[in-house]
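Asks: My questions will all concern the structure given below.
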Amino acid sequence: MQKTAEAVSLGHPDKTADYISCFILDRIIEQDKHAKYAVEVMIKDNTVVMGGEIKSNAKIENLDNLVKQALAEIGYDERYCSIWGKFVINPSKINVINLIGTQSVDINRGVEADGWGDQGVFVGYACQGEGKINRELFLASKLNDELYSKARNSDNLGIDIKTQITLNDGKIETAIVAIPMLKDEDLTDFIVSVLEEKPKNIIVNGTGRYTYHGSVADCGITGRKLACDFYSTACPIGGGSPWTKDASKADLTLNIYARILACENLGNNDECFVYLSSCIGRSELPSGLIKTIKDEKISYHDLWSNQKPSALINFFGLDEPVFTKLCKKGISGILPQK
């Protein structure tokens, strides 16, 4: 049976948009741990559009500079631009359109009462194997991370990278890589060494040419790479994007909680799924369920949680500037603390 999963680097425009939002949230939390934040980002060419709501005492005066700092952390800095020229975003020409307002007072009254800032459904997943995630996603992410590191130190390879792995009965059938190149470079040996197995098929840059990349080639929008950040096709995706909001919104906190509960309840089962839901303004979760699968036998266990948002936020350290770190890692990369 074939199973396929995809991963993308921070240089991909959608992940770049995620990272910019997380970077600004981290700068705000450095000044105000109790900040409330929900900001979406769209990036196209050298223009960044930001829209959303913030309630905070923090002072954020120069969004242009913050965006440039976020891009530089990803790898889109002056050196990179000097190598790639017209093929990529130019940090010196960044234009930020600010459409950020203040948080709704109706939402805030529930949050201030230590209730969740939104309602929604959340799903956590764990399975046997490295990283407690499905092997096709583990390999796609591993290959992507290694290629991204290689590209950060290259004068020929770009950082807007996609990788895709197809397994067939446990063996790697196809490895697909999209990575910008100024001149052709054979990556076969590198791919095989990272995967520790030679795929039956290796495809690098399927069109035969990949130079224009990042926001110059594609419009990036927050929250469009959730299948890569979560569990690919192994598990339903719950909630909205976790990368554009503070921890009170539940899309980050309860997705992390569900992932950790799935890891903790996996035991010797083949797979574990955790299903949670939240109600805006309330702390008690309306529903919770643990589903485990062992040798194709399914078991269900009810889960009740009255953990207040503030308690979970504090336990996971989500009132600290950790959002860019989590954005890099993805929900599926989060494991319980040992």
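Asks: Evaluate E = 1/(1 + (r/R0)^6) for Asn57 and Val192, where r is the Cβ-Cβ distance and R0 equals 51 Å; express this FRET efficiency to the nearest 0.05.
Replies: Given R0 = 51 Å and the Cβ-Cβ separation, E is 0.45.
Asks: Quick check: from the Cα gyration tensor, does the range 172-282 come out rounded (a/c under 1.5), prolate or oblate?
Replies: Oblate, because a/c is 1.5 or more while a/b does not exceed b/c.
Asks: What are the extents of the Cα atoms of the range 168-226 along their three principal axes, listed from largest to smallest and rounded to whole Å?
Replies: For the range 168-226, the Cα extents along the three principal axes come out at 36, 31, 18 Å.
Asks: Quick one: check the C-alpha center-to-center distance for the range 122-169 versus the range 249-312, whole angstrom.
Replies: Cα centroid to Cα centroid, the span is 25 Å.
Asks: What is the sum of charges, Lys and Arg at +1 and Asp and Glu at -1, for the other residues whose Cβ falls under 13 Å from the Cβ of Thr324?
Replies: 0
Asks: When a/c is below 1.5 the answer is rounded, else prolate if a/b is larger than b/c, else oblate, so apply that to the range 20-165 with a ≥ b ≥ c taken from the square roots of the Cα gyration tensor eigenvalues.
Replies: oblate
Asks: Can you give the percent of C-alpha pairs in the chain whose distance is more than 37 Å?
Replies: 20
Asks: Right, here's the next one. Per 0.36 nm of contour for each residue apart, how much would the distance between Asn65 and His34 grow if the chain were fully extended, relative to their Cα-Cα spacing?
Replies: That works out to 8.8 nm of additional length.
Asks: When only C-alpha pairs under 8 Å and at least 6 residues apart count, what is the relative contact order of the chain, in percent?
Replies: Here the relative contact order equals 26 percent.
Asks: Something else now. Got a sec? Charge dipole of the chain, +1 on Cβ for Lys and Arg, -1 for Asp and Glu; which of Ala70, Cys263, Ala140 is way out at the positive end?
Replies: Ala70
Asks: A follow-up question, please. For the pairs Lys162/Lys329; Lys15/Lys198; Lys297/Lys328, note any where the Cα-Cα span goes beyond 26 Å.
Replies: Lys15/Lys198; Lys297/Lys328
Asks: Out of residues 5 or more away from Thr47 or on other chains, whose amide H comes under 5 Å of its own, with H placed 1.01 Å from N in the peptide plane?
Replies: Amide H to amide H, under 5 Å and 5 or more residues apart or across chains, Thr47 pairs with Asn95.
Asks: Rounded to whole Hz and in sequence order, give me ³J(HN,Hα) for the range 184-190 from the Karplus expression 6.51 cos²θ - 1.76 cosθ + 1.60, θ = phi - 60°, writing x for Gly and Pro.
Replies: 4, 9, 7, 9, 4, 4, 5
Asks: Mind running the shape call on the range 1-88? Use the C-alpha gyration tensor, a ≥ b ≥ c as the square roots of the eigenvalues: rounded below 1.5 for a/c, prolate if a/b tops b/c, oblate otherwise.
Replies: oblate
Asks: Kindly provide the helix-only [θ] at 222 nm of the chain, computed as the sum of -39,500 (n - 2.57) over DSSP H runs of four or more divided by all residues, to the nearest 500 deg cm²/dmol?
Replies: The helix contribution divided over the chain gives -9500 deg cm²/dmol.
Asks: Taking the Cα centre of the range 278-336 as origin, work out the dipole magnitude from +1 charges on Lys and Arg Cβ and -1 charges on Asp and Glu Cβ, in debye rounded to 20.
Replies: 160
Asks: Can I ask one more? Assigning unit charges at the beta carbon (Lys, Arg +1; Asp, Glu -1) and nothing else, what dipole magnitude in debye, to the nearest 20, does the range 14-104 show about its Cα centre?
Replies: Charge dipole, the range 14-104, about its Cα centre: 80 debye, nearest 20.
Asks: Set the Förster radius R0 to 35 Å, insert the Cβ-Cβ distance between Asn306 and Thr233 as r into 1/(1 + (r/R0)^6), and round the FRET efficiency to 0.05.
Replies: The pair Asn306/Thr233 has a calculated efficiency of 0.60.
Asks: A follow-up question, please. Add +1 for every Lys or Arg and -1 for every Asp or Glu among the other residues with Cβ under 12 Å from the Cβ of Val216, and state the total.
Replies: 0
Asks: Sticking with this structure for a sec: Please work out how much length the chain gains when fully extended from Thr207 to Lys183, using 0.36 nm per residue of separation minus the C-alpha to C-alpha distance, in nm with one decimal.
Replies: 7.2 nm
Asks: So, counting K/R as plus one and D/E as minus one, what does the shell of residues with Cβ under 15 Å around Asn269 add up to?
Replies: Around Asn269, the surrounding residues sum to -1.
Asks: Let me ask you something else. For the range 273-330, just run the numbers: alpha carbon Rg, then divide by 2.2 N^0.38 Å, N being how many residues it has.
Replies: Expressed relative to 2.2 N^0.38 Å, the Cα Rg reads 1.45.
Asks: A further question on this structure: In the range 136-228, what % of DSSP beta bridges are antiparallel (nearest 5)?
Replies: Bridges in the range 136-228 are about 65 percent antiparallel.
Only the coordinates and a few stated rules stand behind these numbers; no lab work does. Note that the structure is a prediction, hence the values are computed from the model and not measured. Because the Cβ atoms are built from the backbone with ideal geometry, glycine has one as well, and the counts that use them run over all protein chains shown.
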